[in-house]
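Trainee: I am attaching a structure below and will ask some questions about it afterwards.
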Amino acid sequence: MMSNIESMELLQAKALGCLDPEDDALFTKLMKEDEDFPWQELGHYQNLVAFLPTLIDIEIPEPEVKDNVARKLYELGEKIKTEKEEDVKQNTIAKEEELDKIEGEGVIIEEEPNEKAEIPVVEKDLDDVSDANKEISFKEHGVLMQSPSNDEKKIIRKPLIKKQQGGSGTIITPTKPKKEFEQKSVKSYISKFSTEAADGESSKSKSGLIVAVIFFVVTLLALIFIYFKLSSDIQENRDRINILEKQIVAEIMLENTLLQKDFNT
Amino acid sequence: MDDYKSFSDIQIMNKVGEYDSKALEELYDRYSPILYSLIKKIVEDKTKAEEVLADVFVLVWKNENSSNKSAANVYTWLITLARNKAVDRKRRDENPDLMPEYNDDYEDRFIIPRLSKSIDPLDLNKALSVKDNFEEALNKLTDAQNFVLYLAYYEGRTHGEIAKQLNIPVATVKSKIKVSLSNLKQNLVSGE
């Protein structure tokens, strides 16, 4: 059965990359909606068209081009880093302005518990700023490139700042400042809470340490007391034994003397 | 680097997907000659071709997800990417005021290739191995068929632009392109 795409002679043209914009939009629509879309045919034609460059006389690009690729990748990393720094800076300014406004109006903010789900994302974004300097390289060419971290990968495809090229300049449009302010506020709250909790934990552990030291000293003193007490008891008993021994010896000698006298008489 | 040289295109592309710079370097060493030659044929300027080639590899680095989706066919994905980028550069240089703004959305829609979800695997070595058969198949086409293919692929002309240039109806151009590629495919299959 011939599909809509085939009947409209769009398949080969799509593979060749020569569809007019309106046909291209129609093709994309049919690709999504047509149940009989000839995927295999499209694949065959895409491979067929890709054979065309094999017939060109092959030229090797200058070695500098490779360095240029490395430089561009390095610049890409720098751009991401700059964008994130700019983003953090803008958020900080927005946060300060918001705080000033809140202070001015005397409004008390109650933190929303359900915002906590978003905290890890914000934490990572902020961490990235300091972590964005990982180096990888086309080392053989001595040019540094940057390898985006996992979070930077997200930002490459979904930048927090949307860049628009136009004319000679570049327009940078910040996106979602309010949302991020809220996230930062929650983060700030959590951070503050964590600090207080940490302080509480710290004082608890200090008092525990003091109790342990006192207990140790008291135990030590008790042991010393018991030692000396037992030692003095032992010494006393020894003295008694010595006295008793002397008395026994004296009595024996006395008896012996008396017996000797009796015997002589 | 020696390890990477033994890797297949798919393995290399998977490594690039993990932001392995050595894999990207190997991919560059492997593909830069054919991509550069293709780009230069389209933009017809050495400096521009070098710039576009660098841009292509930056796109490869940035769009590792797209490449992974087409990981089974690195060759066609890279060739199509380079061709799209070069044609875009050529059209911007020729008609800067008529081209839409180049932004992420435009890039995603018109530059990053969307290969068929059931495309056969193909790598550089396999593509080069059928070069002679392909040339023979192409030579069997008529001059007119060859010419419309040239205008569409290397000149980056659309149906409407070719019709205007040749002063013939758009329907004729559509038909001519369809027949050209169908015949080329048939010639290649029968020649193998």
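The values are calculated or read from the model by the stated rules, or taken from the named source; none is laboratory data. All values reported here derive from a predicted model rather than from experimental measurement. A quick note on method: Cβ atoms are made from the backbone with ideal geometry, for glycine too, and the neighbour counts reach across all protein chains shown. Side chains included, ligands, DNA and RNA excluded: accessible areas come from the protein's heavy atoms. Shrake-Rupley method; radii C 1.70, N 1.55, O 1.52, S 1.80 Å.
Trainee: Give the number of residues within segment B:104-125 that are open to solvent by 40 Å² or more (accessible area, probe 1.4 Å) and either of a type in the set (Asp, Glu) or more than 10 Å from every other protein chain (Cβ to nearest Cβ) (or both).
Mentor: 6
Trainee: Going by the structure shown, is A:Glu83 of a type in the set (Asp, Glu), modelled with pLDDT under 80 and in contact with a Phe, Trp or Tyr (Cβ under 9 Å, 6 or more places away or on another chain)?
Mentor: Details: of a type in the set (Asp, Glu): yes; modelled with pLDDT under 80: yes; in contact with a Phe, Trp or Tyr (Cβ under 9 Å, 6 or more places away or on another chain): no.
For A:Glu83, the condition - of a type in the set (Asp, Glu), modelled with pLDDT under 80 and in contact with a Phe, Trp or Tyr (Cβ under 9 Å, 6 or more places away or on another chain) - is not met.
Trainee: Restrict the check to segment B:117-126 and report whether at least one residue is within 23 Å of A:Leu42 (Cβ to Cβ), free of Cβ contacts under 8 Å to residues at least 12 places away in the same chain and out of contact with any Ser or Thr (no Cβ under 8 Å at 6 or more places or on another chain).
Mentor: Within segment B:117-126, one or more residues are within 23 Å of A:Leu42 (Cβ to Cβ), free of Cβ contacts under 8 Å to residues at least 12 places away in the same chain and out of contact with any Ser or Thr (no Cβ under 8 Å at 6 or more places or on another chain).
Trainee: Exactly one condition in (1) at the interface with chain A (Cβ under 9 Å from one of its Cβ atoms); (2) closer than 17 Å to A:Leu73 by Cα; (3) out of contact with any Phe, Trp or Tyr (no Cβ under 8 Å at 6 or more places or on another chain) is not met by B:Val60; state its number.
Mentor: Of the numbered conditions (1) at the interface with chain A (Cβ under 9 Å from one of its Cβ atoms); (2) closer than 17 Å to A:Leu73 by Cα; (3) out of contact with any Phe, Trp or Tyr (no Cβ under 8 Å at 6 or more places or on another chain), the odd one out for B:Val60 is (1).
Trainee: Kindly establish whether B:Phe134 is away from chain A (no Cβ under 11 Å), in a helix (DSSP H, G or I) and within 15 Å of A:Leu52 (Cα to Cα). First the steps, then the outcome.
Mentor: Details: away from chain A (no Cβ under 11 Å): no; in a helix (DSSP H, G or I): yes; within 15 Å of A:Leu52 (Cα to Cα): yes.
It is false that B:Phe134 is away from chain A (no Cβ under 11 Å), in a helix (DSSP H, G or I) and within 15 Å of A:Leu52 (Cα to Cα).
Trainee: If I filter segment B:85-103 down to residues being without any contact (Cβ under 8 Å) to a residue 12 or more places away in the chain, touching a helix residue (DSSP H, G or I) at 6+ places or on another chain (Cβ under 9 Å) and open to solvent by less than 80 Å² (accessible area, probe 1.4 Å), which single residue comes out as farthest from the other protein chains (Cβ to nearest Cβ)?
Mentor: Selected residue: B:Met99.
Trainee: Considering only segment B:130-157, state which residues are of a type in the set (Val, Ile, Thr) and at pLDDT 95 or above. Give the derivation first.
Mentor: Just the residues of segment B:130-157 that are of a type in the set (Val, Ile, Thr), to begin with: B:130, B:142, B:148.
The answer is B:Thr142, B:Val148.
Trainee: Can you pull out the residues in segment B:146-162 that are surrounded by fewer than 19 Cβ atoms within 10 Å (Cβ to Cβ) and either part of a helix (DSSP H, G or I) or within 7 Å of another protein chain (Cβ to nearest Cβ) (or both)?
Mentor: If the condition is that a residue be surrounded by fewer than 19 Cβ atoms within 10 Å (Cβ to Cβ) and either part of a helix (DSSP H, G or I) or within 7 Å of another protein chain (Cβ to nearest Cβ) (or both), then B:Asn146, B:Phe147, B:Tyr150, B:Gly160, B:Glu161 are the ones that fit.
Rundown of residues vs (1) under 25 Å from B:Asp29 (Cβ atoms); (2) surrounded by fewer than 16 Cβ atoms within 10 Å (Cβ to Cβ), yes/no style:
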site	(1), (2)
A:Ala15	no, no
A:Glu22	no, yes
A:Met31	no, no
A:Phe37	no, no
A:Leu42	no, no
A:Leu48	no, no
A:Pro53	yes, no
A:Ile60	yes, yes
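Trainee: Return yes when B:Leu166 is of a type outside the set (D, E, K, R), out of contact with any strand residue (DSSP E or B) (no Cβ under 8 Å at 6 or more places or on another chain) and buried (at least 19 other Cβ atoms within 10 Å of the Cβ) and no when it is not.
Mentor: Numbers: of a type outside the set (D, E, K, R): yes; out of contact with any strand residue (DSSP E or B) (no Cβ under 8 Å at 6 or more places or on another chain): yes; buried (at least 19 other Cβ atoms within 10 Å of the Cβ): no.
For B:Leu166, the condition - of a type outside the set (D, E, K, R), out of contact with any strand residue (DSSP E or B) (no Cβ under 8 Å at 6 or more places or on another chain) and buried (at least 19 other Cβ atoms within 10 Å of the Cβ) - is not met.
Trainee: Another one. Hey, can you tell me all the residues within segment B:40-57 that are among the acidic types (Asp, Glu) and either at the interface with another protein chain (Cβ under 8 Å from one of its Cβ atoms) or part of a helix (DSSP H, G or I) (or both)?
Mentor: Step one: of segment B:40-57, the residues among the acidic types (Asp, Glu) are B:44-45, B:50-51, B:55.
If the condition is that a residue be among the acidic types (Asp, Glu) and either at the interface with another protein chain (Cβ under 8 Å from one of its Cβ atoms) or part of a helix (DSSP H, G or I) (or both), then B:Glu50, B:Glu51, B:Asp55 are the ones that fit.
Trainee: Of the conditions (1) over 19 Å from the mean Cα position of the chain (by Cα); (2) more than 7 Å from chain A (Cβ to nearest Cβ); (3) of a type in the set (Lys, Arg), B:Lys174 clears all except one; give me its number.
Mentor: (2)
Trainee: Moving on. Among the residues of segment B:30-39, how many are within 7 Å of another protein chain (Cβ to nearest Cβ) and either closer than 14 Å to B:Asp93 by Cβ or at pLDDT below 95 (or both)? So that I can check it myself, show each step before the final result.
Mentor: Going through segment B:30-39, the residues within 7 Å of another protein chain (Cβ to nearest Cβ) turn out to be B:32-34, B:36-38.
After this cut, where a residue has to be either closer than 14 Å to B:Asp93 by Cβ or at pLDDT below 95 (or both) as well, the list is none.
Selection size over segment B:30-39: 0.
Trainee: I would also like to ask the following. Is one or more of the residues making up segment A:205-216 open to solvent by 70 Å² or more (accessible area, probe 1.4 Å), assigned to a helix (DSSP H, G or I) and modelled with pLDDT under 85?
Mentor: Kept after step one, since they are open to solvent by 70 Å² or more (accessible area, probe 1.4 Å), are these residues of segment A:205-216: A:205-206, A:209-211, A:213-216.
Cutting the leftovers down to assigned to a helix (DSSP H, G or I) gives us A:205-206, A:209-211, A:213-216.
Next, from what is left, pick out any that are modelled with pLDDT under 85: A:205-206.
Checking segment A:205-216: at least one residue is open to solvent by 70 Å² or more (accessible area, probe 1.4 Å), assigned to a helix (DSSP H, G or I) and modelled with pLDDT under 85.
Trainee: For B:Ser32, indicate whether it is of a type in the set (Gly, Ala, Ser), buried (at least 16 other Cβ atoms within 10 Å of the Cβ) and touching a Pro at 6+ places or on another chain (Cβ under 9 Å).
Mentor: yes
Trainee: Okay, moving on. What is the one condition in (1) modelled with pLDDT under 90; (2) crowded, with 21+ Cβ neighbours inside 10 Å that B:Ile10 does not satisfy?
Mentor: (2)
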